[in-house]
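> Could you have a look at this structure, given as structure tokens, before my questions?
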Amino acid sequence: MVFILRKIKEFGTAVAIQKRWVWIAVIVLLAVQATQVAFVVHRESLTWDEDDHMFAGYMMWHTGDYGLNPEHPPLVKLLATLPLLGEDLWVPPLQGRDFKAEAYLDGRDWLARNDGASQRLVFRMRLAAGLLALALSLLIFFAAREWFGTPAALIALALATFEPNLLAHSALVTTDIGVSLFFLASIYAFYRYVKRPSLVRLLIAGVVTGLLLATKHSGILLAPILLLLIGCELVAAPRGARAKLALRLGGAFAAIVVVGVAVLWAFYGFRYAARPAGLALSTSLADYVTPLSHFNAAGVMAIAHLHLLPESYLMGLVDVKRTAQWCPTFALGTNFAHGQWWYFPAVILIKTTLGLLLLLALTAFAIVSGRVRKGRELIYLLLPGAIYLAVSMTAGLNIGARHILPLYAISTILAAAGITALAAHNRRWAYIGAALIVAHAASGFTVFPNYMAYANEAWGGPKNVYKLLSDSNQDWGQQLYQVKEWQDRHPGEECWFAYFASPVIDPAVYGIRCHVLPNEDTGWLGGSDMIPPVISGYVLLSTGDLMGSEIVSNRLNPYTVFQQIQPDEMIDYSILVYRGTFRVNQIAAYSRVQHSYELMSAHKPEEALTMAREAAALDPQGVKSQRTLGNIAARLGQKDEARKAWQAALAAAKQLDVDAGEGYIGDLEAKLKKL
């Protein structure tokens, strides 16, 4: 890196690096990236969303069913399951459940039966998805080379090769790397068309836009971004040429939209209906939009009525909006009932290497001081990045750095552009830049091979990240192989396991034999054991469950008893191990709350009431335990008992933060009024 930067100083920006050595460097960096990614995903168990995506992709190929997982468009799911086209796999019978439960639980059972703990099929699907990560790195290189020259391109590629957030998600069967690839590709393709218009370049821009739309719903942000870029082009154009340019770029925008939407339809087989003949969505689109604002709901239904977009795609758009309305946030050690605008800026400061942050600071200096003179190119990077970040900050869905991965791809190019521009003016910047690039790579390696748990040194590193952030920032359920190795070292020991991805992923498939502690997801999908009020042995807690990352207030978190205890061990930065005897009344009550509702669903109301009474006795100040007792007692006509329980729940709910308590308070007051 020092050599590259020094050459810029010695020969100016027109320096030519021999093509042979350039391509050798590119191949070496890609090989390093591929090796890291293959090793990382080979040692990781399934993560939260993967079985859902994999099963949905397989069913799309074999039955044309786009309704099992409408939360995300099909592209990554179809690509990942390409290696399975020749496989005749067992498929669980559909049970007509809610589409989320159907896809998650059927996906779990499908992989457990066909693949088990070997993950032979999973590894093949992950490698197929990993092709998108290699394509992203190549795109970063080519875009940076055209915009800022070959030295900048090599530096950008090197930064991407060792970027821990990109590496963490590079070969997972999820949409985040795919959207990063096609978001940057769409911007780059449009830039190339604007710079040198041609029909071929216009078609490429349209096709790439379609691939973006078919990857993730956030791809719709491209439309306003392109319009703003067109506005920038018009402002920069001579006054006399603006009208003609506006007509040409406006027509190009329309053509890109038409081609892009056509490509999107192709991924749904040019069929409006989400599910094949004879099957229907578990919840109709008309019913699913009900919680949305009148404006949003009316807009979605108008598009549906005209069949402008596929039904499954529209369901996914609605699901994103609905999820953001209720999804809690855990950040900087605090639970919030809703998203926080500052969440992603905090994530960037915590999850980005100090080397890259300092390089970006130098880029800002280089831009302000006029050292980077590629105005158009900077606009095509900064404006899309700023819009993507701004929308992410206001969207309300705060569950990980993966949701802003496109910004990391953009950042590598910006950082490379800034340091090469500075080095062209003074050799000292070459040494500073080289040191920061090495620091960037070295910092990422400190957490190898568990890149998902990365946090930079200023925030205490990976061992401390669970106190600051949760979910896919460090614990996405990926550590079951390591938990199994731990259990093999402790044979015959009693263990209790709160696993963040339970019951969507079953630890028993990996040979782990522990009592299943409850979490928020066993609450709606089932699967927890009945927990006694005192437990002994080893307690293994996913950090996501320990910190209550899916709970609106830490006051409602049954695992607070462990937050004040020093763990005996840490597994893969995301599972904490405690040994001893522990009184866990809240956890015991939590399990009984969940089992009482399961008994009601099984038409065993008397047993459910007994279970709910036990929960309330174990946790008399608990909002959930008292509300559950009130709900079941009311169903059985026990009005006095229901009133007393609901009043206790209401008093407890009023002790919560305003945002956390509002949902409970309104519900309980309405129930008491009707009683």
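> Can you tell me the Rg and Dmax of segment 210-334, counting just the alpha carbons, in angstroms?
In order Rg, Dmax, the Cα atoms of segment 210-334 give 18.5, 59 Å.
> Next question. Work through the residues other than residue 186 whose Cβ is under 14 Å from its Cβ and net out their charges, Lys, Arg +1 and Asp, Glu -1.
Here the charged neighbours net out to +3.
> Write out the trypsin sites (Lys or Arg not before Pro) in segment 430-510 meeting two conditions: DSSP loop, and at most 14 other Cβ atoms within 10 Å of their Cβ.
463, 489
> Oh, and also: How many percent of all Cα-Cα pairs in the chain sit more than 44 Å apart?
25
> Can you tell me the accessible area per residue over segment 71-110, all protein chains present, probe 1.4 angstrom, in square angstrom?
Per residue, segment 71-110 has an accessible area of 38 Å².
> Okay, moving on. Hey, which of these cross-link pairs are over 31 Å Cα-Cα: 100/467; 351/654; 321/654; 321/374?
351/654; 321/374, as the Cα separations exceed 31 Å there.
> What percentage of all Cα-Cα pairs in segment 343-390 are separated by more than 14 Å?
62
> Rounded to the nearest 20 Debye, what is the dipole magnitude of segment 89-160 about its Cα centre when Lys and Arg each give +1 and Asp and Glu each give -1 at the C-beta?
160
> Separate question: For Cα pairs less than 8 Å apart in space and 6+ apart in sequence, what is the mean separation divided by the residue count of segment 467-532, i.e. the relative contact order in percent?
So the answer I get is 29 percent.
> Ranked highest first by the average count of other Cβ atoms within 10 Å around their residues, in what order do 120-127, 176-183, 538-545 fall?
176-183, 538-545, 120-127
> From the phi angles alone, apply the Karplus equation (6.51, -1.76, 1.60; θ = phi - 60°) to segment 115-122 and give each ³J(HN,Hα) in whole Hz, x where the residue is Gly or Pro.
10, x, 7, 5, 6, 4, 6, 4
> Would you mind checking the tilt of helix 585-601 against the longest principal axis of the Cα atoms of the chain, expressed as 0 to 90 degrees and rounded to 10?
Compared with the principal axis, the helix lies near 80 degrees.
> Starting from the exponent 0.38 and prefactor 2.2 Å, build the expected Rg for segment 417-465 from its residue count and divide its actual Cα Rg by it.
That ratio works out to 1.46.
> Something else now. Please compute the length gained on full extension between residue 227 and residue 489, using 0.36 nm multiplied by the number of residues separating them and subtracting their Cα-Cα distance.
88.4 nm
> If you don't mind, another one. To the nearest µm²/s, what D does Stokes-Einstein give for segment 292-341 at 20 °C and 1.002 mPa s, using the Kirkwood radius over alpha carbon pairs as Rh?
For these conditions, the coefficient is 171 µm²/s.
> Next up: If amide hydrogens are placed 1.01 Å from N in the peptide plane, which non-local residues have theirs closer than 5 Å to the one on residue 569?
Distant-sequence amide H within range of residue 569: 577.
> Nearest 10 degrees is fine. How inclined is helix 99-114 to the longest principal axis of the chain, computing both from alpha carbons?
So the inclination is approximately 90 degrees.
> Using label points projected 7 Å from each Cα along Cα→Cβ, tell me how many nm separate residue 534 and residue 94, to one decimal.
Between residue 534 and residue 94, the label points sit 5.1 nm apart.
> Next question. Counting alpha carbon pairs within less than 8 Å and at least 6 residues apart, what relative contact order, in whole percent, applies to the chain?
Contact order relative to length: 14 percent.
> OK, next. Scan the chain and hand back the longest stretch that contains none of the GluC sites (Glu not before Pro) lying in DSSP loops with at most 14 other Cβ atoms within 10 Å.
Here the longest segment lacking exposed loop sites spans 88-492.
> Could you order the peptides 222-229, 392-399, 403-410 from most to least packed, using the average number of other C-beta atoms within 10 Å per residue?
Ranking the peptides 222-229, 392-399, 403-410 by packing returns 403-410, 392-399, 222-229.
> Label-point separation (nm) for residue 658 and residue 673, each offset 7 Å from Cα along Cα-to-Cβ?
So the two model labels end up 2.0 nm from each other.
> List the trypsin sites (Lys or Arg not before Pro) within segment 352-403 that DSSP assigns to loop and that have no more than 16 neighbouring Cβ atoms inside 10 Å.
373, 374
> On a 0 to 90 degree scale, rounded to 10, what angle separates helix 150-161 from the longest Cα axis of the chain?
10
> A follow-up question, please. Would you please give the FRET efficiency between residue 280 and residue 87, computed as 1/(1 + (r/R0)^6) with r the Cβ-Cβ distance and R0 = 30 Å, to the nearest 0.05?
Plugging the Cβ-Cβ distance into 1/(1 + (r/R0)^6) gives 0.60.
> What FRET efficiency would be calculated for the residue pair residue 569, residue 346, taking the C-beta separation as r and a Förster radius of 30 Å, to the nearest 0.05?
Approximately 0.60, to the nearest 0.05.
> Within the P(r) computed for segment 56-197, what percentage of the Cα pairs occupies the region above 22 Å?
49
> Within the chain, what percent of beta bridges assigned by DSSP are antiparallel, to the nearest 5?
Here the share of antiparallel DSSP bridges comes out near 70 percent.
> How many angstrom lie between the C-alpha centres of segment 304-321 and segment 132-186?
Measuring centre to centre over Cα atoms gives 30 Å.
> Picking from 22, 270, 580, whose Cα lies most toward the positive end of the charge dipole for the chain (charges on Cβ: Lys, Arg +1; Asp, Glu -1)?
22
The values are calculated or read from the model by the stated rules, or taken from the named source; none is laboratory data. If you're wondering where the values come from, they're calculated on a predicted model, not measured in any experiment. Here the Cβ is made from the backbone with ideal geometry for all residues, glycine too, and neighbour counts use every protein chain on show. Surface accessibility is based on the protein's heavy atoms, side chains included, excluding ligands, DNA and RNA. Shrake-Rupley method; radii C 1.70, N 1.55, O 1.52, S 1.80 Å.
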